[in-house]
Each structure stands twice: as C-alpha cells, then as structure tokens.
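Beneath this line is the structure, given in structure tokens, with notes to follow.
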Amino acid sequence: AKNQRRGFAILYSPEHERRIRSERAVEAALQLADLEAEMEVHLQPIACIATESLKAVEALARWTSPHLGRVGPDVFIPSAERAGMIHRLTLTLLGKALACLDQLPPDIRLSFNLSAHDITNRETVLSIMSLVRRSKIVPSRLIVELTETAVLRDFEAAEASVRLLHSLGIQIALDDFGTGQSSLSYLRQLPIDKVKIDRSFMAGAKDGKGREILSAIIAFCESMRMQCVAEGVETVTQLRFLKAVGCNDFQGYLLAKPMPLGDLLVWIEDHNQS
Ligand code: C2E
Ligand code: CA
Ligand code: CA
Ligand code: CA
C-alpha cells in the first residue's frame, strides 16, 4: 500500500503534470509552426587535433517559436517524433543545412543528425537521397550522425538505410558513442566511417580511470579503422590528452560554440589567419 501511494505520488506529482503539459504545449506549437521561417541551423566547427585545421561542421537545429520563444532540440526533436512531424522537420533542416554547406569551402564537410524515426523510415531516407542529389553537393561532403540507440531500435531497417546512404557516398558517423546499451557486434555489420565519443567521457577524463576508458575507446576505433571525434572538449588539458592517445578530431566549446552561418564564415577567416 505504501508503494502504491508512492507510485501515485510520482505519477501525479506537480512536476510530472507540468512536464506533460509543456510537452503538449511544444507539440501544439510545432503543429502550428511555419518550419521554414521558425527553424534555423547553427553550425559548430570540428577540427583535426594534430593540425587544428577545420574539417567539418555539425548542423544543430534551433527553433524560435512565436508562442514559446526559444526551445532546445533536446525538447522539440522528441516532440516532433511524437507529433508525427519528424519527417517534415528533418527535411526542412536538411534543406537549410545543405544551403549552408554550399557556402562553405569545398574541403569542409557537414555533419547532420538523424533521429531514430528518420533512420527506420524508408521514405525519409529516399527523400534525403533525392534532396542531396538535387543539391548537386558532392555526397561525401555530407556525414549523417546516428545514435546507437536509434540503430539498435530496429536494426534491420537501420542497416538498410545506412547501406543506401553509404552507397550514395554519404559518410556515416555513430553519435554519442558509449552511452547507449552498446553491443559492439553490430559495428562490424555496418559501414561506419566515424565514431563520436560522447562528451560525458570528456568530463570523466579528470581521473586515471576515466582517461584509461577514453584511451581504450580510441584504440578500439583505430583497430576498427573508424575515425574518432571527441565531443564536448572544453579544456586545453583534455585536448592535450586526446592528442597523446591519438584521437583524430575534436569538437567543443574550446574550439567554438555552434553559430549561424554568417558568424561561421567570419570565424573561418580568423581561424585560418591564426
Ligand atoms: P548532439 O548531437 O550530441 O549534439 C551535441 C550537443 O552538445 C549540442 O547541443 C551542442 O551545442 C552541445 N555542445 C557542443 N560542444 C559542447 C561543449 O563543449 N560543452 C557542452 N556542455 N556542450 C557542448 P544542442 O545543440 O542543444 O543539441 C542537443 C541534441 O539535440 C543533439 O545532441 C542532438 O541529439 C539533437 N539535435 C540537434 N539538432 C538536431 C537535428 O537537426 N536533428 C536531430 N534529429 N537531432 C538534433
Ligand atoms: Ca550529433
Ligand atoms: Ca553527440
Ligand atoms: Ca547527445
């Protein structure tokens, strides 16, 4: 009886109530949204650790709702999935991201996040491919980022999508590596070019154990012939350590925060001069 009471309290807590209500509010605002006008992509630089030269940018979705103000992608991406709008949202964002890519030097790639729904939806994957074809961008300049959780949710569908995208020349990156319930066996079955090491490992690299885990992951990627990108690098100490253990690329506030295309173009000029 005690447990039941506790369960009741958790289920109907004001906090839970507020969360549900705000989820509904986000879904409602999304349904009314003019995606083309309200959505933006910001771009965050990714650089080579050895040379510090810019290699790619990650496109990160930004939404300013006239009803709710700024809402973060951690909130509105899951809402769009629940509201059945992720297909349309993903294609809107990809269109904007490809337009940015077109403005960047030809040796710079763009990394784009796909949700679990996107990767298991054949229609979405086919639309992505035709958008890329129509954009006339060299497909190998595009990297799609997938999380392990997304891949493992419906492995067969994800595998088919990954193979299709890869056959076009698009690169595949595994996002948030090490945070899901990894089963490493699937890695052999997929054509994965890059692994993005989740930023929780960077935060954990303060002590000996954390550093050992990080260097083991990097050695593993090397043996699997996958490039590794460290996410969430915030300090020079972290960067030095990553360099010592042979990580390829890095991304994080130490290098730059995500920014609009105009700011990025200025950042690239400054970065090339220094
Ligand atoms: P993610 O793909 O893991 O993206 C990295 C997140 O870490 C971004 O948050 C970025 O702003 C943040 N970040 C980058 N460097 C640092 C750092 O040095 N320190 C810290 N503390 N954070 C850093 P953001 O932009 O809020 O995006 C959150 C998540 O939303 C993303 O995580 C991704 O899962 C999702 N997301 C963003 N844009 C899209 C999109 O266009 N499509 C989909 N499906 N998901 C997206
Ligand atoms: Ca990502
Ligand atoms: Ca990530
Ligand atoms: Ca993440």
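Okay, here's what the table says:
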| quantity | calculated |
| --- | --- |
| Elements of type helices (runs of 4 or more DSSP H) contained in the range 68-136, each with 1 or more residues being β-branched (Val, Ile, Thr) and open to solvent by 50 Å² or more (accessible area, probe 1.4 Å) | 73-82 |
| Single residue of the range 173-192 satisfying the filter (closer than 14 Å to residue 228 by Cβ and open to solvent by less than 40 Å² (accessible area, probe 1.4 Å)) that is nearest to ligand 3 (Cβ to nearest atom) | 175 |
| Qualifying residue in the range 229-248 (condition: of a type in the set (Lys, Arg) and within 19 Å of the chain's Cα centre (by Cα)) | no |
| Selection status of residue 200, within 16 Å of ligand 4 (Cβ to nearest atom) and open to solvent by 60 Å² or more (accessible area, probe 1.4 Å) | yes |
| Scan of the range 56-67 for residues that are open to solvent by 20 Å² or more (accessible area, probe 1.4 Å) and either within 15 Å of ligand 1 (Cβ to nearest atom) or touching a Lys or Arg at 6+ places or on another chain (Cβ under 9 Å) (or both), ordered by number | 60, 62, 64 |
| The range 251-274 residues that are part of a helix (DSSP H, G or I) and at pLDDT 95 or above, paired with ones that are exposed (fewer than 10 other Cβ atoms within 10 Å of the Cβ) and not charged (D, E, K, R) (beta carbon under 9 Å, 6 or more apart) | 268/105 |
| Criterion violated by residue 242 - all others in (1) open to solvent by 50 Å² or more (accessible area, probe 1.4 Å); (2) more than 15 Å from ligand 3 (Cβ to nearest atom) satisfied | (1) |
| Those residues of the range 18-55 which are surrounded by fewer than 20 Cβ atoms within 10 Å (Cβ to Cβ) and among the polar types (S, T, N, Q), in sequence order | 22, 31, 51, 53 |
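The values are calculated or read from the model by the stated rules, or taken from the named source; none is laboratory data. Computed from a predicted structure; not experimentally measured. Quick reminder, even Gly has a Cβ in these numbers, built from the backbone with ideal geometry, and neighbours come from all protein chains shown. The protein model used for the area step is the full one, side chains on, heavy atoms only, and it has no ligands, DNA or RNA in it. Shrake-Rupley method; radii C 1.70, N 1.55, O 1.52, S 1.80 Å.
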